[in-house]
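Here is the structure we will look at.
The values are calculated or read from the model by the stated rules, or taken from the named source; none is laboratory data. Note that this is a predicted model, so its numbers are computed, not measured. Here the Cβ is made from the backbone with ideal geometry for all residues, glycine too, and neighbour counts use every protein chain on show.
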Amino acid sequence: MRSPVHRRRSGGLHPSAFIVHAHMKQLIRVTVNGELHEVAVEPRMSLLKFLRDELHLTGTKEGCSEGECGACSVFLDGDLVDSCLIFAVEADGSEVTTIEGLARGDELHPVQQAFARYGAVQCGFCTPGMILAVKALLDRHPNPSEEEIRQNIAGNLCRCTGYTKIIEAVRAAAGCALE
């Protein structure tokens, strides 16, 4: 394997000196769930793949790989994002919170507790992204109406339910009376 910079016999740089090789790794520093990680990653590796394959945090799911289903939702510097649409190198210097970082020790987050109590999980594939989307909603609007709940979880697809139990869990987590 040749170095990306090699000289021609004439003394000028070879054209390959100006090519960024996709296989060259870039060192990133990212805090995930409160723990600093310094890892060399491929420039085109998604944040989703980084979390799952490099850090072995498999709670974040790969659904559509197009940012349509919400299964890969994580918090990036406090904003809910689809991790399949972001390169890991874009998270350099950032803080990421995954579903694994939501609980504090053995104590589940109130949204996680409500999902468990109200049976708002079926196969569980959409659950991590759904829970993070609900947390984002409740952080912004602690007393949402049912319509606001439906609007805010619309980007998270669940193929198993009619969303009734999920909405009940959200209302319970928000402290809203169930109708």
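Are any residues in the range 129-179 part of a loop (DSSP other than H, G, I, E, B), without any contact (Cβ under 8 Å) to a residue 24 or more places away in the chain and within 22 Å of the chain's Cα centre (by Cα), and if so, which ones?
Across the range 129-179, the qualifying residues are H141, A154, Y163.
Among the residues of the range 122-132, write down those that are surrounded by 21 or more Cβ atoms within 10 Å (Cβ to Cβ) and out of contact with any strand residue (DSSP E or B) (no Cβ under 6 Å at 6 or more places or on another chain).
C126, T127, P128, M130, I131
Scanning the range 92-121 for residues that are part of a loop (DSSP other than H, G, I, E, B) and of a type in the set (D, E), which turns out surrounded by the most Cβ atoms within 10 Å (Cβ to Cβ)?
Here the residue is D92.
Okay, residues lined up against (1) assigned to a loop (DSSP other than H, G, I, E, B); (2) over 22 Å from G124 (Cβ atoms):
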residue: M24; (1), (2): yes, yes
residue: H37; (1), (2): no, yes
residue: R44; (1), (2): yes, yes
residue: D53; (1), (2): no, no
residue: L57; (1), (2): yes, no
residue: T60; (1), (2): yes, no
residue: G67; (1), (2): yes, no
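Given the conditions (1) under 20 Å from G78 (Cβ atoms); (2) under 21 Å from the mean Cα position of the chain (by Cα), which single one is not true for F115?
Every listed condition holds for F115 apart from (1).
If L157 passes every condition in (1) outside the structural domain of T58 (by TED's automatic domain parsing); (2) more than 20 Å from R52 (Cβ to Cβ) but one, which one does it miss?
(2) is the only condition that L157 fails.
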